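For reference, the structure is listed below as structure tokens.
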Amino acid sequence: MSKILRFFDLHNGEDKKETVLESVVSNISFRGANAWILACAIVIASIGLNVNSTAVIIGAMLISPLMGPIVGAGFALGTFDFALLQKSIKNLLIATGISLLVSFLYFSLSPFKEAQSELLARTSPNIYDVLIAFFGGLVGVIATTRVNKGNPIPGVAIATALMPPLCTAGYGLAIGNINYFAGALYLYIINCVFICLATFVIVKYLRYPKMHYVDKQKEKRITQSITIITLILVLPSLYFAYKLLQERKYTYKVHDFVQQELTEKGYTVIYERLLQNTSPKRLELAFLAKKFSESEINSLERSMQTFGIENTELIIRQDSLDLRSSILNEINQSNTSVNEKDLTIRALNNRLAKYDMMDDRLRSNMTILFPEVNKYSIGIQNQYVTQDSLAKYIAFIYSTTEAFTGEQDNKLQEWIKSQFPQDSLEFIKKTSGEERP
């Protein structure tokens, strides 16, 4: 057992404590070059968030010197060096103020104000962000206390992600969105506190010497204060994590419902949109060919209950034009330009189709029953003007050969009326003289 403990002993490879403390203190101050480096890193991170570029954001995090005062505060708490703690907090506040100011100015001047996914990812912190900050902080301080620093430091800068939340908070201020500002600032505070806490734990474990004597009562109060601050930050993050878990579960239920009740039954889903922030929630679907009746939709709504999908409105888009418009709106929100001539053409085609009464069955029967009718056309005459009203009629226009008798003409008209019993018909017979060449 002792061999295993020695295998994980952090004292192996540890640098001199005096050397480590000197390095930590030298990285705390934000004066001159550090302030300029921070401001430039903030601009780079803001651009990355603005254009949704992960690579640019990572680059900015590697440049950022924000870790210095946070690690310094952790060392100060672990060694009870209150002067160092005061200096660390002061410089962290200066760095935070510079970051917020620069990001606010950038996003105020930027013509692109849309909230990209990289920005939105920093507005709803949860317990996973707490864990990342704590364990990232552990790695960072362990590497700081080694003789051979190795490669962990850049990775810690990326994992703990101090800079993007600050830039997102500046974005929230620039557009006047308090929720974005508060959520991003909360994530930043989580990262700062739990990196500091991880540093405190390692400093205590490695038994760095106390700079000032502190009696047991005062040490207990410091420990209690750290515990209270930790709980204050962890509890909201637990709520956000629970909310995220419920959203994921709900999404999986909807996926299972669509898969089992629709896709596996041969219905091709061409459009699916799930809105969870509305009340009730909304599931919008559209299909390639299937048209659902009212009873079928009601059956699907009952089936949703069996999958545990509650407080959700099912909307099946069956109007092709309506669906097309919805898809175009989605595409437009992604800044994609779409030619809307297709919509206009489709609308005109649908409108023309309403006036076309001819079908293959009618055409076939006319050829068999009335071969003497050599030309004919049938369709809706939408604004047929009479002396006292504006009416809607079906007009049957035709011409016949000379062998077509009056009796046959009557039979033709009666037969046409039998094909459209609910409609008003007008018969227009054209003579040979009226035919145009």
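Numbers below:
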{"quantity": "Residue-by-residue Karplus 3J(HN,Hα) for segment 66-79, coefficients 6.51, -1.76, 1.60, Hz, glycine and proline x", "calculated": "5, 5, x, x, 5, 5, x, 5, x, 5, 5, 5, x, 10"}
{"quantity": "Backbone HN-Hα couplings from phi across segment 131-140 [Karplus 6.51/-1.76/1.60, Hz, Gly and Pro as x]", "calculated": "5, 4, 5, 5, 6, x, x, 4, 4, x"}
{"quantity": "For segment 202-221 versus segment 43-86, the gap between their alpha-carbon centres in whole angstrom", "calculated": "25"}
{"quantity": "Per residue solvent-accessible surface (Å²) - segment 1-80, probe of 1.4 Å", "calculated": "50"}
{"quantity": "Cα Rg, Dmax, segment 230-301, angstrom units", "calculated": "16.8, 56"}
{"quantity": "Volume per residue that the Cα convex hull of segment 89-154 spans, once the total is divided by residue count, Å³", "calculated": "142"}
{"quantity": "Length-normalised contact order for segment 241-308 - Cα pairs under 8 Å, 6+ apart - percent", "calculated": "28"}
{"quantity": "Calculated FRET value between Leu245 and Ser299, using beta carbons and R₀ = 35 Å, to 0.05", "calculated": "0.70"}
{"quantity": "Amide H contacts under 5 Å for Phe287, placed H, 5+ residues apart", "calculated": "Ile270"}
{"quantity": "Accessible surface of segment 194-298 [probe 1.4 Å, protein heavy atoms]: carbon and sulfur percent", "calculated": "57"}
{"quantity": "Mean accessible surface per residue for segment 172-247, computed with a 1.4 Å probe while every protein chain stays in place, in Å²", "calculated": "60"}
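The values are calculated or read from the model by the stated rules, or taken from the named source; none is laboratory data. Please read all numbers here as calculations on a predicted model, not as lab measurements. Please note: Cβ atoms are built from the backbone with ideal geometry, for glycine as well, and neighbour counts cover all protein chains shown. In case anyone asks, the SASA skips ligands and DNA or RNA and just uses the protein heavy atoms, side chains included. Shrake-Rupley method; radii C 1.70, N 1.55, O 1.52, S 1.80 Å.
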